[in-house]
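Visitor: Okay, handing you the structure first.
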Amino acid sequence: MCGRYALALRPSQVRAYLEEENMPVYEAPDDEDEQAPRQSYNFAPGYHGLVYRASVPDWGSGPVQHKSQHQNGDEEQIAADPEPELEGSQEVRYRLQTMKWGLIPFWTKLNPDYGSMLKTINCRDDSLAENRGMWNTMKQRKRCIVVAQGFYEWLKKGKEKVPHFVKRRDGRLMCMAGLWDCVVYEGEEEKHYTYTIITTSSNKQLSFLHDRMPVILDNGSDALQTWLDPKRSTWSKDLQALLRPFEGELDVYPVLKDVGKVGNNSPDFIVPVTSNKNKSNIANFFAKGTAKDSKSQSSKTSPVAISTKEDASTTVKHDPTEDQKTVDRDGMNNNAPIPVKKEQSSQGIKRELEEGNDAEEPSKKIAKPPSSLSKPTSTKPARKTRSATSNNSGSPTKSTGKEKGSQKITNFFKK
């Protein structure tokens, strides 16, 4: 599936890349605007990312819509006051828009909790085959492209999970097929735009990693234009046929495990662990020893050398605003570690996290020097301790006439 991806580019950079790929952008967020998307090498559910779509109203393409209540409690938009469809000669405009990852349907009345939102970060392609279900309106009228530099997937090795980064081999941006929606909660006026990423069966390159992968459409291709075409406001076999495994070449390689923690961010996350460009590669550690003298000499006059040293000391940065914990959760469609908000953490999860923190933090106790064991003490300690390897000071005092420490350690276990 797709539970984490990378997009550390500004909107202006993404816009320039897309326009070079025959994907015109009529409107995009400003880089410094309050509505600007998040830039992160560790993009997690709930973040605000960049979505590329046709400039259509909030109800999507096609006629004006209104809500209709279903017997099962769900609501669906149905046509009312139809507008004239776009003529073939009329130009279709496309935009880049900031949206939140984790689709919230338009009929939602209250802001859902974080756990509910996690269930809609992905949408299976086979769930779109029939004209029913929660995706029915979105797949017909609200299709989009989710822009990324690549995505992460975790390979299970027993109890261990090894993160891998997947990107296009040609270095181009990755255009993942998605759906979007707009919702206004009860008692509010603010519009909330959200999206999901569509997944399909993995291709041969990724089958060892996971049985699912995002639907990737070639940049500027006819397939991509068909997917975004606002004149197609009903689902068809042609649209369903676009949802297939990627046929192009991909690069797949293991990366730093620090990417598993939500809030961590580093450009090293998209660099192979074995690469000499990765500061965490142990081979670089030994290489530094041979070039130490030359580097120290150049650092006196070269500002570049100084900046490289500073970068190496701050490889991974953590966003202090990210207060949620990250835990491994079995039974999810993707293997990515799951972020859990504090108020939603169960007692079991909390205990697991506390035990994990204890394992990560080494003990700060300082051992006493051996010489202190042989020094006589004038006063008895309040509580005597016994050593597992020495009886010099830990043995109890007995009136046997023997000197302290003369007892055998086996006598200790006979008591």
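Visitor: Of 167/204; 142/237; 142/167; 119/139; 119/237, which ones are farther than 24 Å apart at the Cα?
Guide: Numbers: 167/204 15 Å; 142/237 17 Å; 142/167 26 Å; 119/139 17 Å; 119/237 26 Å.
From the list (167/204; 142/237; 142/167; 119/139; 119/237), the Cα-Cα distance tops 24 Å for 142/167; 119/237.
Visitor: Also, quick follow-up: Once you place label points 7 Å from the Cα toward the Cβ at residue 31 and residue 90, how far apart are they in nm?
Guide: 3.5 nm
Visitor: Label-point separation (nm) for residue 236 and residue 201, each offset 7 Å from Cα along Cα-to-Cβ?
Guide: It is 2.5 nm.
Visitor: Which value, in Å² and to the nearest 10, is the accessible area of residue 249 when all protein chains are kept and the probe is 1.4 Å?
Guide: Result for residue 249: roughly 100 Å² accessible.
Visitor: Tell me whether the range 140-249 comes out rounded, prolate or oblate; compute the Cα gyration tensor, take square roots of the eigenvalues as a ≥ b ≥ c, and use a/c under 1.5 as the rounded threshold. It would help to have the intermediate numbers written out before the result.
Guide: Numbers: a/c = 2.16, a/b = 1.38, b/c = 1.57.
It comes out oblate by the Cα gyration axes.
Visitor: Would you tell me the accessible area of residue 126, worked out with a 1.4 angstrom probe on the heavy atoms of the protein chains, in Å² to the nearest 10?
Guide: Residue 126 exposes around 80 Å² with every protein chain in place.
Visitor: I would also like to ask the following. What accessible area, in Å² to the nearest ten, does a 1.4 Å probe give for residue 30?
Guide: So the heavy atoms of residue 30 present about 100 Å² to solvent.
Visitor: Given the alpha-carbon gyration tensor of the range 86-139, what are the semi-axes of its equivalent ellipsoid in whole angstrom, ordered largest first, with each equal to the square root of 5 times an eigenvalue?
Guide: Over the Cα atoms of the range 86-139, the ellipsoid semi-axes are 26, 17, 11 Å.
Visitor: Which part of the range 229-252 falls in the paramagnetic zone of residue 129, meaning amide N under 19 Å from the point 7 Å along Cα-to-beta-carbon?
Guide: Taking a point 7 Å out along Cα→Cβ of residue 129, the residues of the range 229-252 whose backbone N falls under 19 Å are 235-246.
Visitor: With a 1.4 Å probe and every protein chain left in place, work out the accessible area per residue of the range 112-235 in Å², rounded to a whole number.
Guide: Heavy-atom accessible area per residue stands at 40 Å².
Visitor: If 207, 221 are ordered by their accessible area, calculated over protein heavy atoms with a 1.4 Å probe, which sequence runs from highest to lowest?
Guide: Greatest to least solvent exposure: 207, 221.
Visitor: Please compute the length gained on full extension between residue 190 and residue 208, using 0.36 nm multiplied by the number of residues separating them and subtracting their Cα-Cα distance.
Guide: Fully extending the segment from residue 190 to residue 208 adds 2.1 nm.
Visitor: For a label point 7 angstrom out from the Cα of residue 114 toward its Cβ, which stretches of the range 122-165 have the backbone nitrogen within less than 19 Å?
Guide: Output list for this probe position: 122.
The values are calculated or read from the model by the stated rules, or taken from the named source; none is laboratory data. Predicted, not measured: the structure shown is a model, and the values here were computed from it. For neighbour counting, all protein chains shown are included, and Cβ atoms are generated from backbone atoms with ideal geometry for every residue, glycine included. For the accessible areas, the whole protein counts, side chains as well, though only heavy atoms, and no ligand, DNA or RNA atoms are used. Shrake-Rupley method; radii C 1.70, N 1.55, O 1.52, S 1.80 Å.
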